[in-house]
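See below for the structure under consideration.
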Amino acid sequence: MDIPVELRPYVRTAWLPEAAEEDGPPTASKLGGTAWIPPGDSWPACPNCGRSLQLLLQLDADALPEAARAAVGEGLLQLFYCTSQDPLCEVDCQAFFPFAESVVARRVVPKGEGADAVPDLPGAFSPRRIAGWRAVDDLPTPEDVPDVDLPDRVWDDVYRHGLVERDKLAGWPLWVQGPERPRCPQCQSTMHVVFQIVSEDTLPIVFGDMGTGHLSVCLEHPDVLAFGWACT
Ligand SMILES: [Zn+2]
Ligand SMILES: [Zn+2]
């Protein structure tokens, strides 16, 4: 689509992961697979069902596109999520809200060999190592640019052709129910969205009714991360 002139100042680069069907090293950027676990730690488990959590995402800051690195910080960003259907931890723990008990979103800075920890998880997702990134232009949803006044038909066109409804690094979050940026519990500032995960894009995950999730970080407190999702 031709980007409407009013929206041109708001174009941001988003990077789409190019996935390889392998796990790669424990410190690699990946969707699914085996995470680097700090020495002495075990694989994160769900307090509701006791099972291992599924790794959804690990981002190696050093291997990200230069322009995206500053907001990510250092080390590895890791997102683990309970995929248990019985009990249905997603609902029991309200995993759609940030800071849910059945979700671990954290930063680790790998030093040397990690723990020899693997998930005990029947039906774990096949690993997808992020072998590269493809840059695309991304546009905001109307709620994120309240000063931009465009006719509905133009926004319809933006929704159809301009918003990147994919797993992506940076860019603009695609809000399903309007902006849901968490607040940092330590400083109350609005957290910054780092990565978007869409149901059944790279991973066979389905958030509720085909929801879209966002991993956010506090730019003041790099160890505060949160993940939440919404569906229509
Ligand atoms: Zn669980
Ligand atoms: Zn903070």
**Fill in**
Apart from one, (1) over 14 Å from the mean Cα position of the chain (by Cα); (2) at pLDDT 95 or above; (3) over 14 Å from Tyr10 (Cβ atoms) all hold for Val145; the odd one out is (3)
**Request:** Inspect the range 195-204 for any residue being without any contact (Cβ under 8 Å) to a residue 60 or more places away in the chain, within 25 Å of Trp36 (Cβ to Cβ) and within 16 Å of ligand 1 (Cβ to nearest atom) and give the result as yes or no.
**Result:** no
**Asked** So, of the residues in the range 106-118 that are farther than 16 Å from Gly24 by Cα and open to solvent by 40 Å² or more (accessible area, probe 1.4 Å), which turns out to be modelled with the lowest pLDDT?
**Response** Gly112
**Asked** Within the set of pairs 6 or more residues apart or between chains, which connect a residue that is hydroxyl-bearing (Ser, Thr, Tyr) inside the range 119-138 to a residue that is exposed (fewer than 15 other Cβ atoms within 10 Å of the Cβ) with Cβ atoms less than 7 Å apart?
**Response** Ser126/Glu21
**Item:** So Ser189, is it within 16 Å of ligand 2 (Cβ to nearest atom), over 18 Å from the mean Cα position of the chain (by Cα) and open to solvent by less than 50 Å² (accessible area, probe 1.4 Å)
**Value:** yes
**Prompt:** Taking the range 193-221 only, how many residues are surrounded by fewer than 20 Cβ atoms within 10 Å (Cβ to Cβ), touching a strand residue (DSSP E or B) at 6+ places or on another chain (Cβ under 9 Å) and farther than 27 Å from Pro127 by Cβ?
**Reply:** 1
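Across the range 31-63, what is the number of residues that are within 16 Å of ligand 1 (Cβ to nearest atom) and within 17 Å of Lys168 (Cα to Cα)?
Going through the range 31-63 one residue at a time, the tally reaches 2.
The values are calculated or read from the model by the stated rules, or taken from the named source; none is laboratory data. If you're wondering where the values come from, they're calculated on a predicted model, not measured in any experiment. Neighbour counts are summed over all protein chains in view; Cβ atoms, including those assigned to glycine, are modelled from backbone coordinates with ideal geometry. Keep in mind that these areas ignore ligands, DNA and RNA; they rest on the heavy atoms of the full protein, side chains included. Shrake-Rupley method; radii C 1.70, N 1.55, O 1.52, S 1.80 Å.
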